[in-house]
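Asks: Could you have a look at this structure, given as structure tokens, before my questions?
The values are calculated or read from the model by the stated rules, or taken from the named source; none is laboratory data. Keep in mind the model is a prediction, meaning the values are calculated, not measured. Neighbour counts are summed over all protein chains in view; Cβ atoms, including those assigned to glycine, are modelled from backbone coordinates with ideal geometry.
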Amino acid sequence: MQDSTNDSEIRERLSLIENMIAEGRRTTESWGWTFVLWGIAYYVAIAWSYFSNAVYVWPVTMVAASLLMGVLISRRAARRPDTTVGRSMMAIWLGMGISLFLLLLCLGLSGRLDFHISVAIIGAMLGMANATSSVILRWKMQFTSAVVWWAAAVAACFTSDKLTVAAFLVAIFFCQIVFGVYGMIAESRELKARGTRQGASHA
């Protein structure tokens, strides 16, 4: 009898963990638009810096993207319930974003930052954030994004300017734009499926 109770408790705990992981993945999918937003912001900053050597290009672009994201988040906050895994994901990305912004801003203002160093830093930190999220959520696709970012960071340390730019652009496309669109599509399918189930339960 005791063994049966223990087995039941273990199954319930495993089910709870699996549900939390699934909810965390759905939460990450619901943030797919932020990946796309930052991918576009990176492209805008790269294009702007190509035509202008001004120091303020990246800080202005990043601040503008942060403010836009803040406005959009405030409008979406009430639509989705807060979860422990969701807060964990938010903590990882918020900590990474603040660290990345402060580091690049200070290096840029001090004149000690060049393109290779900036790509290496961005690639390493985004790789870390994606890898951490993927391990928590058991999500192979997001870990693939981490590997691509790490590859871009390594390329920035050893390759020419052209190859570094190419690696950075490819990483942005696959890890921000493609992954973000994938998340948005997955969220849309989940919402449709949920609406269908609710409609069937009310029928």
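Asks: Does at least one position in the range 140-150 carry a residue that is of a type in the set (Phe, Trp, Tyr) and under 18 Å from residue 30 (Cα atoms)?
Replies: Within the range 140-150, one or more residues are of a type in the set (Phe, Trp, Tyr) and under 18 Å from residue 30 (Cα atoms).
Asks: Residues in the range 143-157 that are in contact (Cβ under 8 Å) with a residue 24 or more places away in the chain and not hydrophobic (A, V, I, L, M, F, W, C): how many?
Replies: 1
Asks: Do we have any residue at all in the range 155-174 that's of a type in the set (Lys, Arg), in a helix (DSSP H, G or I) and modelled with pLDDT of 90 or more?
Replies: Yes; the residues of the range 155-174 include at least one that is of a type in the set (Lys, Arg), in a helix (DSSP H, G or I) and modelled with pLDDT of 90 or more.
Asks: Now a separate question. Output yes when any residue across the range 76-95 is modelled with pLDDT of 90 or more, in a helix (DSSP H, G or I) and among the small types (Gly, Ala, Ser), and no when none is.
Replies: yes
Asks: Inside the range 158-181, can you point out the residues that are of a type outside the set (Ser, Thr, Tyr) and without any contact (Cβ under 8 Å) to a residue 40 or more places away in the chain?
Replies: Those that are of a type outside the set (Ser, Thr, Tyr) and without any contact (Cβ under 8 Å) to a residue 40 or more places away in the chain: 158, 162, 163, 166, 170, 174, 178.
Asks: Can I ask one more? Which residues, taken from the range 47-68, are at pLDDT 90 or above and in contact with a Leu (Cβ under 9 Å, 6 or more places away or on another chain)?
Replies: Once the filter is applied, which keeps residues that are at pLDDT 90 or above and in contact with a Leu (Cβ under 9 Å, 6 or more places away or on another chain), the range 47-68 yields 65, 68.
Every residue, every condition in (1) at positive phi; (2) touching a helix residue (DSSP H, G or I) at 6+ places or on another chain (Cβ under 7 Å); (3) surrounded by fewer than 21 Cβ atoms within 10 Å (Cβ to Cβ), yes or no:
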residue	(1), (2), (3)
105	no, yes, yes
109	no, no, yes
114	no, no, yes
123	no, yes, no
130	no, yes, no
138	yes, yes, yes
144	no, no, yes
149	no, yes, no
156	no, yes, no
